[in-house]
Amino acid sequence: MPAVSAPVIKLVQRTTEPAGVQTLRSTAAAVIAYSVAVWALPEPAPLTAPLTALLVVQVTLYATLTTGIRRVNSVVVGVLIAIAFSSLVGLSWWSLGLTIFTSLMIGRLVRVNEFVPEVAISAMLVLGVSQVADTAWDRVWETLIGAVVGLLFNLLLAPPVWVRSAGVSIDSLATRMGTMLRSMGEEVVGNNPVSRAAARLHEARKLDHDIVEVDASLRQAEESLTLNPRVRQGLLHRVVLRTGLDTLEICAVVLRVLSRTLTDLAKARTEETLFPADVAALLQELFGQLAEAVESFAELVTSSLAADGEAAEDRLAEALARSRATRDRVADLLLEDVQEHPRQWQLHGALLAEIDRVLAELDIDERTKRLGEELDRRSAEAHERHPRLRSLIRRLSRVTT
């Protein structure tokens, strides 16, 4: 079997990403819309049809259904405005300016929301090529052809589900948090310079940016699952991923507070070790166990197979059990240390409270309870808002399977 070159492999990998797939899907829909318009209309170059299809086709079916209507509305309004101006005046600098101004004003009145500029863009394109009203009316039919092709393209060829990319993002976030916890465990041994503790605090604060990126990836995954007839348990997948990210986000906040506590201890104990040797050794072990628990939790959240999920849950349960046992031993030693050296006792208590918070957030029973509550809440909301649409989706799911 011939070897595949590295550039080809990289190209294939890129086409499986959201941007790559969107490029291929948009191109195919535009070409199909153009071909249909050439066959159905007398216009030699019906470019409005591929333009509309390009605007309507989105990455996910949910985005197509929710934003596609507004996009079509914006294009149709722009075409109608161009028809009116082409009937009255020709193309000149003042008519172009008046067309743009009118399009933007009417775009806000017809409530196309974020697609107001597309009203003016459509009007300019049509005005530039349509000087006669009879010819301009063909642009309306082109727009409708492009809209229908774009909608049917995503309805018949359902977009891919982006759960895997969201899972990779969640795993990466958990891995970084685990690495940070292990580093903090190494730094509690001996004397920790204030500069190093402050650098760790700065690193923990930057987790907010990572969470924003993961949230964007997760939103795309949620949209790809919503109203997708190829997905049977879309709601369950969405809730599992979303509640998982919420838990990691809380853990990231606690991790930042934990870094703050260790930084305050480093400032107060510049000439001595942060903790006695026996306490430091147990804390290092505890931070390693917490890192393993966070990583196992992310693996549990992103596991797609039942067997993988059970194995991840077992690893998480074991990591939490060992963490709680080590935490209790650390608490006993810290109590003895505070009784002998009461300085900064409040920071010792804060350290234990923050560790308890992480353990509570990762608790399997609490997670199961939250999942059940969130599923019930979202199911009730979905049925109340779109009862007929949900019934249609269930019928489509039965037909496709």
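The values are calculated or read from the model by the stated rules, or taken from the named source; none is laboratory data. Predicted, not measured: the structure shown is a model, and the values here were computed from it. When we count neighbours, we look across all protein chains shown, and the Cβ atoms used for this are built from the backbone with ideal geometry, even at glycine. Just the protein is used for accessible areas: all its heavy atoms, side chains included, with ligands, DNA and RNA removed. Shrake-Rupley method; radii C 1.70, N 1.55, O 1.52, S 1.80 Å.
In the stretch 340-374, of all residues being modelled with pLDDT of 90 or more and not hydrophobic (A, V, I, L, M, F, W, C), the one that is surrounded by the fewest Cβ atoms within 10 Å (Cβ to Cβ) corresponds to Asp356.
For every residue, the table says whether it meets (1) within 17 Å of Ala268 (Cα to Cα); (2) among the hydrophobic types (A, V, I, L, M, F, W, C).
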site	(1), (2)
Ala325	no, yes
Asp337	yes, no
Arg343	yes, no
Gly349	yes, no
Ala353	no, yes
Leu359	no, yes
Asp363	no, no
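The requirement of being open to solvent by 30 Å² or more (accessible area, probe 1.4 Å), free of Cβ contacts under 8 Å to residues at least 60 places away in the same chain and acidic (Asp, Glu) is satisfied by Glu336.
Among residues of the stretch 340-367 that are within 30 Å of Thr243 (Cα to Cα) and in the same structural domain as Gln289 (by the TED database), those with a Cβ under 8 angstrom from a residue that is open to solvent by less than 60 Å² (accessible area, probe 1.4 Å) and basic (Lys, Arg), sequence gap 6+ or separate chain, pair up as Leu352/Arg327; Ile355/Arg327; Asp356/Arg327; Leu359/Arg327. Remark: pairs (first residue in the stretch 20-47, within 20 Å of Ile121 (Cα to Cα) and in a helix (DSSP H, G or I); second residue open to solvent by less than 40 Å² (accessible area, probe 1.4 Å) and of a type in the set (Ser, Thr, Tyr); Cβ separation under 8 Å; 6+ apart in sequence or on different chains) = Ala33/Thr52. Picking from residues in the stretch 311-330 that are at pLDDT 90 or above and open to solvent by less than 40 Å² (accessible area, probe 1.4 Å), the one that is nearest to Leu300 (Cα to Cα) is Leu316. Just to be sure, is Val110 buried (at least 20 other Cβ atoms within 10 Å of the Cβ), closer than 20 Å to Leu55 by Cβ and not aromatic (Phe, Trp, Tyr)? Against the criterion (buried (at least 20 other Cβ atoms within 10 Å of the Cβ), closer than 20 Å to Leu55 by Cβ and not aromatic (Phe, Trp, Tyr)), Val110 does not qualify. With respect to Ala277, determine if the residue is touching a Leu at 6+ places or on another chain (Cβ under 9 Å) and at pLDDT 80 or above. Here the answer is no, as Ala277 does not meet what is asked. When residues in the stretch 241-280 are screened for being under 21 Å from Ile211 (Cβ atoms), surrounded by fewer than 19 Cβ atoms within 10 Å (Cβ to Cβ) and of a type in the set (S, T, N, Q), 1 of them pass. All told, Val294 meets the bar of being at pLDDT 85 or above and part of a helix (DSSP H, G or I). Of Leu286, Leu334, all but one fail to be within 22 Å of Thr179 (Cα to Cα) and out of contact with any strand residue (DSSP E or B) (no Cβ under 7 Å at 6 or more places or on another chain); the exception is Leu286.
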